[in-house]
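Every number in this text was worked out from the coordinates using simple rules, so none of it is lab data. Keep in mind that what you see is a predicted model, and the values were worked out from it rather than measured. Note that we place each Cβ from the backbone using ideal geometry, even for glycine, and neighbour counts take in every protein chain shown.
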Amino acid sequence: MFQTILHREIQETSASPILLFTLVALTILVPLSACIQARYYKFVAEDYNLRQSVHQAENSSQSIVLIRPLPPLAPFFNGVYDSLPDEFRLPIDSATTNTPSGDLIPLDWLFPKIDLSFIIGVLMTLLTILLAHDTIARDRDQGALKLVLASPVRRRLVLAAKLTGVILPVTVVLIYVVSLYTSVVIFFSRGTVALSIANFKALTIFTMVALTVLIASCAIGVAISAAVRQSSVSLFVCASIWIVINLIWPPFGPYVAAIFKTVPTPEAARREIAFKEKDLIRKELAEHRKTANDLEAQQVGVKFAWQRYLELRRKWMERRNKAIGRLVEERKKQISDQQVFARRISLFSPYAAFREVLGNLCGTGLESYDEFLTAAERYKQQEFIPKGFDQLSQQKPWVKGAELEDKLQLPHLQTPAPDLFGRLSAAAWPLSILIAEMIISVALGILIFERSDVR
Amino acid sequence: MLLVWSQIWLITKREITANARNFKILVALMAMTLLSLLSARAMTVDYENRLSNWRVNQDRQRDPAVGGDISYNLADGSFVHGEVFGHTPPIQSPRPFSALIKGMSGEMDRAVNVGQQIVFWARQDEPATSAIFNIPDTSFVIKLLVSLFALMFSFDTVTQEKESGTLRAMMSQPVSRSLVIISKSLGASVSLLAPFTASYFMEIIYLHLAHGLPTGREDLIRALLIFGMASLYGIVFTQIGIFISTITRQTKIAVTTALLTWATIVLILPNAAVLIAKLLTPAPSYNHLNASLYEERKRFLQDEAEADRAARQSTGRIGDQMNLLRLFEIQRQATDDYLTIKKDQNRLARLFAALSPAGALTFGACDLAGTGVDAYNSYLDSFRSDRDVMLDALRRRLDFPGPEADRLLQKAHETTAGSRQRAPSLGASAFSFVISITSLVAWGVFFVFAACWGFRRYDVR
């Protein structure tokens, strides 16, 4: 019986004009979007390489520039990569990093880029919910549901067959979309995106997470289909839920969080930090003045004075790092609290949870950004400051033109590159919410269908 | 003639009554009001945060810089320890209208330092969680909900009558088919515009009473023009819905077609248009520009060092001021090229996006609110002219050094620091408004004819 219902459902779904229309639309949209994303990524990669070579030559004992590495799967999910600064100038003395601007991207504020996550999370969930909305309501309208349930078959089995009858064709479409997108990206990126084993594994997980979202959408559609008497009502309710959870709730989430969890404005925070830093600078200058006078009075040699000066400078650097670092950390914590709150609110939407997981998986989320900042701070403490002071101690600034020779050779910044398991562990929270949402949707479908009146 | 008008009125009234009886108007009113007010609350909190940030920034402009040079003068040589710590350069005051339509305001909140170069600092929105979704301002609410409800009021106007059998009865009367379609579209449009008008003005009243926004007569005109454009946008989607109704035989197929069409027109077309515009006008990243400026500076310093060495060996000449001016000129040219590409990219994106109703609405509304492409491009231009003032003063100081030149440079500093870029006037937004309105009218007229054509061939049995 299960097979008969499943067979009928698959036939109904596959012959649906909605599926055919969407397939045609996806066949046009997916290569277009993938091609644009690939070309954009290639452009960004070239830009990155050029900047990397320029900044390598720019590094000195006074400051270095670090560039955020390019996530290999950014064309599949852009995430927040473009929206956050991607270069950081680290001065040797100050605990506050001088963050140069990210790119000027006014258009992205109006129309975020279309990537694979959008195609799946918005368009394919719409397809799924449209296919699922009348699986039961249609049978009830036609009177076929009575006949099916008159036979000795458990309702759960009927529901499972109906769910599977929608999910199987949708899975085929999903695999088609991901394969087409991947092929076009690899072709048009001209080697900047390679289908390595790691990327292939990540894309497989990407597809499985996408399938979870689609199953959740399908289960919502089937549950509503079982709850209402008419197909048109079911469609209206399904479309409304889809719009709220996919299009309305995720954008509102961060703004609602800002209402309930406020943080001081950036300028207010900078003023507080600047107040402290200025105080320390005044004291440091006073000590330098005193030391300079003492050394002059003692009539020591310039080399000795230089070493004495460097000791003093290092002492003040540590003091500033400690005092300012505390304020910077406090600020980071406040922002992080607001972010966590905003993201938790947004996770009510399976689409937002899906994008959270993808951010971890593709390295374009806030976690990857925070990991980079942590790695940059570690790099500063372990590589830049010791080598910077070593170089300073060998310099002779009293010789004219010596500042031009101040070039610091440092090893490349090793940013953390967690394996697939590590990335999934980082995404444990949104992933478990997503799976819970899928289970709740299916359970809701079972519950409603078990209790529904088939007449 | 009188008969025609009475027929139109009868069918229109019937449509409106049907929409009121099956609670569609009520649902639309509740949904639009709820989301408009939520959007108004969220965006005013955002605006007030940005305003408070700007106020602190203004205060900080008066904070004295701390620093100085300490010379270590020893018998066999000397070196200097220098420190300087200032404040963030000025940021632009947020536009009050950005509480209604934020548009590109997030990009215009940057602190920008204008000297012989224009240095853009990072954006002010540190939390950045909102970066991956749309901004939920009024234009977003209109873009989504007005189009959706327009389709809801219109997608089944013909199919439902056919399914219930009333279409045959109606068409057996001496009434032209075009007249029926026009009356039905009038009925659907009125059913949509009534709740939309109520929700939009409730939002404006809330903003005015709770937050004193919008302010002044010009702002009110802007709000009315945005309302007019949004209404036209709604009417376009009403016509699309009626057209879909005339080419489908069942309500179920009509509604799925309407939803898929909506997703294509609202969610895909404008985004794709912007992406294509970006591909056609590839701009280097801002950090790329900075890297190339750094290379120029490095080359200049090396040239200077070599010239200095040679001069000391021969004539005692030190450095060449002409080289410095040449460096400034190269940097100015590179920055101007970059800004020009950015501006062209914005204009092209607006032009392409205006080909779709959602793109036309978004760009048109943003330009009317003073937070769109025109405002952003004039924001970039204002820095260019400030930078030119600074460069001119620097040039004079290099040519004729002395206290008078220093005074001129100081004056240029004060002029540029005090210059406030204002929102483009309503007249300046007229071009964008005309593009958007033309696009919306073209879509509307096209679908009116398409619906009439579709209904003429419609089998009413």
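In terms of the Cα gyration tensor, with a ≥ b ≥ c the square roots of its eigenvalues, is segment A:39-97 rounded because a/c is under 1.5, prolate because a/b exceeds b/c, or oblate?
Oblate, since a/c reaches 1.5 and b/c is not below a/b.
At a Förster radius of 41 Å, what calculated FRET efficiency corresponds to the Cβ-Cβ distance of A:Ala198 and B:Ile205, to the nearest 0.05?
That gives a FRET efficiency of 0.15.
Please compute the modelled spin-label separation between A:Met1 and B:Trp453, points set 7 Å along Cα→Cβ, answer in nm with one decimal.
Here the modelled spin labels are 5.3 nm apart.
Taking 7 Å along the Cα-to-C-beta vector as the label spot, tell me the B:Arg461-B:Ala442 distance in nanometres, rounded to one decimal.
4.1
Add +1 for every Lys or Arg and -1 for every Asp or Glu among the other residues with Cβ under 15 Å from the Cβ of A:Leu361, and state the total. Could you put the intermediate results ahead of the total?
Numbers: positive: A:Lys201, A:Arg355, A:Arg423; negative: A:Asp115, A:Glu356, A:Glu367, A:Glu371, A:Asp419.
Net local charge, A:Leu361 excluded: -2.
Return the FRET efficiency for the residue pair A:His412, A:Asp370: r is the Cβ-Cβ distance, R0 is 22 Å, and the value is rounded to the nearest 0.05.
0.65
Apply the Karplus curve 6.51 cos²θ - 1.76 cosθ + 1.60, θ = phi - 60°, to the phi angles in segment A:171-184 and return the couplings in whole Hz, x for Gly and Pro.
Rounded to whole hertz, the list is 4, 4, 4, 4, 4, 4, 5, 5, 5, 4, 4, 4, 4, 5.
Go ahead and run the numbers for FRET between B:Ser172 and A:Arg156, Cβ-Cβ distance against an R0 of 45 Å, rounding to 0.05.
Working: r = 51 Å, r/R0 = 1.13.
Between B:Ser172 and A:Arg156 the formula returns 0.30.
Need the C-alpha centroid separation for segment A:163-220 versus segment B:24-43, integer Å.
For segment A:163-220 versus segment B:24-43, the Cα centre distance is 36 Å.
List every residue whose amide H lies under 5 Å from the amide H of B:Ala122, counting only residues 5 or more places away in sequence or on a different chain, with H placed 1.01 Å from N in the peptide plane.
Those lying under 5 Å, H to H, from B:Ala122 are A:Ser101.
Using the Cα gyration tensor of segment A:238-287, with a ≥ b ≥ c the square roots of its eigenvalues, what is the shape: rounded (a/c below 1.5), prolate (a/b larger than b/c) or oblate (neither)?
Because a/c hits 1.5 or more and a/b exceeds b/c, segment A:238-287 counts as prolate.
Quick check: the angle from helix A:197-227's long axis to the longest principal axis of chain A, C-alpha only, nearest 10 degrees?
Its long axis makes an angle of about 40 degrees.
Expressed in nm to one decimal, what extension gain is obtained for the pair A:Ile175 and A:Ala286 from 0.36 nm per residue of sequence separation less their Cα-Cα distance?
The A:Ile175-A:Ala286 span can extend by a further 33.2 nm.
Arrange B:Leu408, B:Leu74, A:Leu410 by Cβ neighbour counts within 10 Å, fewest through most, would you?
A:Leu410, B:Leu408, B:Leu74
Specify the angular offset, from 0 to 90 degrees and rounded to the nearest 10, of the alpha carbon long axis of helix B:177-211 from the longest principal axis of the alpha carbons in chain B.
In chain B, helix B:177-211 runs at an angle near 40 degrees to the longest axis.
Beyond a 29 Å Cα-Cα separation, which of these cross-linked pairs lie in this structure: A:Lys42/A:Lys333; A:Lys387/B:Lys342; A:Lys276/A:Lys380? List each step's numbers first, then the result.
Values: A:Lys42/A:Lys333 35 Å; A:Lys387/B:Lys342 40 Å; A:Lys276/A:Lys380 22 Å.
From A:Lys42/A:Lys333; A:Lys387/B:Lys342; A:Lys276/A:Lys380, over 29 Å: A:Lys42/A:Lys333; A:Lys387/B:Lys342.
Would you kindly derive the ³J(HN,Hα) couplings of segment A:440-450 from the backbone phi angles with the Karplus curve 6.51 cos²θ - 1.76 cosθ + 1.60 (θ = phi - 60°), listing them in order in whole Hz, with x for Gly and Pro?
4, 4, 5, 4, 4, x, 4, 4, 5, 5, 4
Given the -39500 (n - 2.57) contribution per DSSP H run of 4+ residues, what per-residue ellipticity at 222 nm results for chain A, rounded to the nearest 500 deg cm²/dmol?
-23500 deg cm²/dmol
Treat each spin label as a single point 7 Å out from the Cα along the C-beta direction, and report the B:Gln333 to B:Ile276 distance in nm.
Each label point is offset 7 Å from its Cα along the Cβ direction, giving 3.5 nm.
What are the ³J(HN,Hα) couplings of segment A:324-341, residue after residue, when phi is run through the Karplus curve with 6.51, -1.76, 1.60 and θ = phi - 60°? Round to Hz, x for glycine and proline.
6, x, 5, 5, 4, 5, 4, 4, 4, 5, 4, 5, 4, 4, 5, 4, 4, 4
Enumerate the residues in segment B:162-190 having an amide nitrogen under 11 Å from the point lying 7 Å beyond the Cα of B:Trp9 toward its Cβ.
What the label zone holds, given the 11 Å backbone N cut-off, is no residue at all.
Taking neighbour counts of Cβ atoms within 10 Å as a proxy for exposure, in what order, fewest first, do B:Glu404, B:Glu163 appear?
Listed from fewest to most nearby Cβ atoms, that is B:Glu404, B:Glu163.
Mind jotting down the distance between the C-alpha centroids of segment A:333-369 and segment B:239-286, whole Å?
28
Against the longest alpha carbon principal axis of chain B, how many degrees, from 0 to 90 and to the nearest 10, is the axis of helix B:373-399 turned?
That works out to roughly 10 degrees.
Among the listed pairs A:Lys162/B:Lys252; B:Lys24/B:Lys278; A:Lys113/B:Lys343; B:Lys143/B:Lys184, which have their C-alpha atoms separated by more than 29 angstrom in this model?
B:Lys24/B:Lys278
Assign one of three labels to the protein assembly as shown, namely rounded, prolate or oblate, based on the Cα gyration tensor with a ≥ b ≥ c the square roots of its eigenvalues; rounded applies when a/c is under 1.5, prolate when it is not and a/b is larger than b/c, and oblate otherwise.
Since a/c reaches 1.5 and a/b is larger than b/c, the shape of the protein assembly as shown is classed as prolate.
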